[in-house]
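Novice: First, the structure itself, so that you have it in front of you.
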Amino acid sequence: MSNSAIYEPISNEIGYKSFKLGSFTFHRDEYFVYIEWPTKNGRMTHYISADAFLRAMMRDVAWGFFYYQVNFDHVFGTNNLYGKVEMFAGSFNETYTSQGLNLTETYETPEIMAVFKAILADWTNEGFDPFAAPRETGIAWMGRKNGDNAAAIGRDRETCKRMVGLPGDAPLRSDDRGYPVNPAFADVPQEAPEIHAAPGYEGRVFAINLFAYLSRSDVTWNPSISSVVKTNLFCPTTEEYILPIKHGNDRVEWFLQLSDAINWEIEDKTTGRPRAKVIMKPGDIASMPADIRHQGFAAKRAMLLVWENANPKVVELHNTGAIPPYPVAF
Amino acid sequence: MSAIPVAPGTALCRIGQMDDPGAQEYHAGASASVLVLREGERVTAYLNRCPHFQIPLNSRPAHFIMAGKGLLMCAYHSAVFRFSDGACVEGPCAGSQLTQVAIRLEGDLVVAA
């Protein structure tokens with residue numbers, strides 16, 4: 001199907017463009033984003049605070065629709081079908097589905113990506129960084145359209161081939177590279193480990209101070225890839241305020257809390273029913289099952305190690321029931 | 001550096017059997033494949049492994065996503081690569097590179113060099 005994007009040629013009275021993709025329309029004003037879609041009772045309008053919408057949109061774009069489900073909130077989101085993308089409203093909220101007020105449409109990935117990038121570019125004002133914590137980026141997202149922030153929304157995700165810091169691989173963060181220590185981690189020691197390789201292993205073993213690496217993270221809720229073994233990805237990250245999406249994964253995902261604390265709200269991936277609250281403190285490890293969606297809340301900037309299984313074969317194994325949605329049964 | 005999983009002289013595909021622009025996959029064992037890209041007369045080949053998450057660029061056998069003139073998009077997280085040099089020009093691993101596989105043409109046949 002082709003649901004061509006229509007850009008309204010004239011911006012609205014406060015300067016923002018409106019967008020259309022398939023049956024959905026998107027508008028924004030000083031405070032809110034308005035998403036509309038057709039229902040049996042006429043067009044439904046859903047409101048999201050513009051800062052929350054932009055933070056979620058930033059992740060969906062930067063992560064290339066991520067693993068399966070990215071919920072911007074309890075109503076609107078996308079499902080990555082790995083080649084196509086579903087966009088939905090109310091389809092994973094049993095209140096909407098029980099009333100028949102939900103809509104899901106499927107698009108070619110390049111098509112929806114182009115529209116999402118255009119929305120993000122037009123609706124992000126100068127001075128607002130959707131990857132930053134609120135205390136860092138303030139309230140520039142509000143009000144009439146005021147410039148843009150292409151540098152912030154266009155920066156690359158940090159990914160390594162084997163391990164950050166290895167010769168020829170992604171470099172470590174430093175003051176010189178524009179990664180100062182975040183004020184929240186001013187007390188984190190910056191010493192690097194000494195490496196004494198046995199003869200024959202020089203250049204083949206490597207180590208970094210992971211806490212120092214993370215203390216220089218310039219983004220929140222945006223895991224970088226710091227080491228790779230086949231399809232096992234270690235993705236450490238720093239988290240502050242609210243994970244801008246509710247992530248419904250199609251595989252098991254592991255979290256190891258390295259510092260401070262994160263409170264997680266866990267919901268059923270299909271209905272949105274509450275399933276659990278998890279409070280993670282330093283040293284805690286948790287696996288997020290493949291049949292839930294999760295959202296984290298960090299009152300202070302926290303260090304978290306996310307362990308992802310990138311093996312594409314596990315999706316089918318979960319979907320067919322060949323393996324359970326959790327890694328261990330008690 | 002990733003090892004190239006095909007021996008020199010291995011026939012990978014025939015240009016005449018490819019779309020233009022188009023992509024074809026040559027399976028080299030159970031866990032590796034080579035991606036052959038064609039645009040007009042220009043043919044290039046790379047390991048079929050996205051540098052973002054080290055997984056194949058396609059989610060379905062023999063199905064690759066074209067993302068505009070001379071561009072291919074990874075099915076998983078939308079990284080966009082140039083046919084001509086394998087550079088990732090957009091997406092979550094922008095600035096990275098597909099691993100090139102040296103080829104030569106023997107008439108219509110694309111052969112690992």
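What follows is calculated from the coordinates using simple rules that are stated; it is not laboratory data. Small disclaimer: the values here were computed from a predicted structure and weren't measured. Glycine gets a Cβ as well: all are built from the backbone with ideal geometry, and neighbour counts include every protein chain shown.
Novice: Rounded to the nearest 0.05, what FRET efficiency is calculated for A:Ala207 and A:Glu13 with R0 set to 60 Å and r the Cβ-Cβ distance?
Specialist: Numbers: r = 57 Å, r/R0 = 0.95.
For R0 = 60 Å, the calculated efficiency reads 0.60.
Novice: Loop only by DSSP, 11 or fewer other Cβ within 10 Å of the Cβ. Give me the trypsin sites (Lys or Arg not before Pro) in region A:201-234 that pass, ordered by residue number.
Specialist: On the way: sites: A:Arg204, A:Arg216, A:Lys230; in loops: A:Arg204, A:Arg216, A:Lys230.
Within region A:201-234, the qualifying trypsin sites (Lys or Arg not before Pro) (loop, at most 11 other Cβ atoms within 10 Å) are A:Arg204, A:Lys230.
Novice: Rounded to the nearest 10 degrees, what's the angle between the helix A:109-123 long axis and the longest principal axis of chain A, both from Cα atoms, 0 to 90?
Specialist: 90 degrees
Novice: Which of the lysines could a cross-linker span from A:Lys269 if the Cα-Cα distance has to be under 23 Å and same-chain partners fewer than 8 positions apart are dropped?
Specialist: A:Lys84, A:Lys246, A:Lys277, A:Lys313
Novice: Hey, got the average number of other protein chain Cβ atoms within 10 angstrom for residues in B:56-66? If you can, show how the numbers build up before the last one.
Specialist: Values: counts 1, 0, 3, 7, 2, 0, 0, 1, 1, 6, 2.
Per-residue shielding by partner chains comes out at 2.
Novice: Chymotrypsin sites (Phe, Trp or Tyr not before Pro), restricted to region A:30-139: which are DSSP loop and have at most 15 other Cβ atoms within 10 Å?
Specialist: On the way: sites: A:Tyr31, A:Phe32, A:Tyr34, A:Tyr47, A:Phe53, A:Trp63, A:Phe65, A:Phe66, A:Tyr67, A:Tyr68, A:Phe72, A:Phe76, A:Tyr82, A:Phe88, A:Phe92, A:Tyr96, A:Tyr107, A:Phe116, A:Trp123, A:Phe128, A:Phe131; in loops: A:Tyr31, A:Trp63, A:Phe65, A:Phe66, A:Tyr67, A:Tyr68, A:Phe72, A:Tyr82, A:Phe92, A:Phe128, A:Phe131.
Those satisfying the criteria are A:Tyr31.
Novice: Further question on the same structure: Quick one: what are the phi-derived ³J(HN,Hα) couplings along region A:70-81, Karplus 6.51/-1.76/1.60 with θ = phi - 60°, whole Hz, x for glycine and proline?
Specialist: These are the phi-based 3J(HN,Hα) values: 10, 8, 5, 6, 7, 10, 9, x, 9, 10, 7, 9 Hz.
Novice: Moving on to the next point. Kindly provide the GluC sites (Glu not before Pro) of region A:108-139 that DSSP labels as loop, not H, G, I, E or B, and whose Cβ sees at most 14 other Cβ atoms within 10 Å.
Specialist: Working: sites: A:Glu108, A:Glu111, A:Glu126, A:Glu136; in loops: A:Glu126.
Sites meeting the loop and neighbour criteria: A:Glu126.
Novice: Continuing with the same structure: Rounded to whole Å, give me the distance from the Cα center of region A:121-187 to that of region A:291-317.
Specialist: If you average the Cα positions of each part, the centres end up 21 Å apart.
Novice: Take the alpha carbon gyration tensor of region A:157-319, find the square roots of its eigenvalues, order them as a ≥ b ≥ c, and report rounded if a/c is under 1.5; if not, report prolate when a/b exceeds b/c, else oblate. Spell out each step's value before the answer.
Specialist: Details: a/c = 2.34, a/b = 1.42, b/c = 1.64.
Cα axes put region A:157-319 in the oblate bin.
Novice: For region A:26-74, what class follows from the C-alpha gyration tensor (a ≥ b ≥ c being the square roots of its eigenvalues): rounded when a/c is under 1.5, otherwise prolate if a/b is larger than b/c, else oblate?
Specialist: On the way: a/c = 2.80, a/b = 1.40, b/c = 2.00.
Note, shape of region A:26-74 comes out oblate.
Novice: While we're looking at this one, here's another question. Could you run the Karplus curve 6.51 cos²θ - 1.76 cosθ + 1.60 with θ = phi - 60° over region B:12-20 and give me ³J(HN,Hα) per residue in whole Hz, x for Gly and Pro?
Specialist: My calculation for region B:12-20 gives 9, 5, 10, 4, x, 9, 9, 5, 10 Hz in order.
Novice: Give me the angle, in degrees from 0 to 90, between the Cα long axis of helix A:50-62 and the longest principal axis of the Cα atoms of chain A, rounded to the nearest 10.
Specialist: The answer is roughly 60 degrees.
Novice: Across peptide B:93-103, how many C-beta atoms of other chains are within 10 Å of each residue C-beta, on average?
Specialist: Working: counts 8, 5, 4, 5, 1, 0, 1, 0, 0, 0, 0.
That works out to 2 on average.
Novice: Averaged over peptide B:47-55, how many Cβ atoms belonging to another chain are found within 10 Å of each residue's Cβ?
Specialist: That average works out to 5.
Novice: Under 10 Å, Cα contacts only: if you run a Gaussian network model on chain A, which one of A:Leu233, A:Leu172, A:Leu54 comes out with the highest mean-square fluctuation?
Specialist: Looking only at A:Leu233, A:Leu172, A:Leu54, the biggest GNM fluctuation is shown by A:Leu172.
Novice: Return the lysines within reach of A:Lys145: Cα separation strictly under 24 angstrom, same-chain partners fewer than 8 residues apart disregarded; answer none if there are no such residues.
Specialist: Cross-link targets: A:Lys17, A:Lys20, A:Lys117.
Novice: Let me ask something else. Residue by residue, what Karplus-based ³J(HN,Hα) values in Hz, rounded to whole numbers, does region A:220-234 have, using 6.51, -1.76 and 1.60 with θ = phi - 60° and x for Gly and Pro?
Specialist: 10, 6, 8, x, 8, 9, 9, 7, 9, 10, 6, 9, 8, 10, 9
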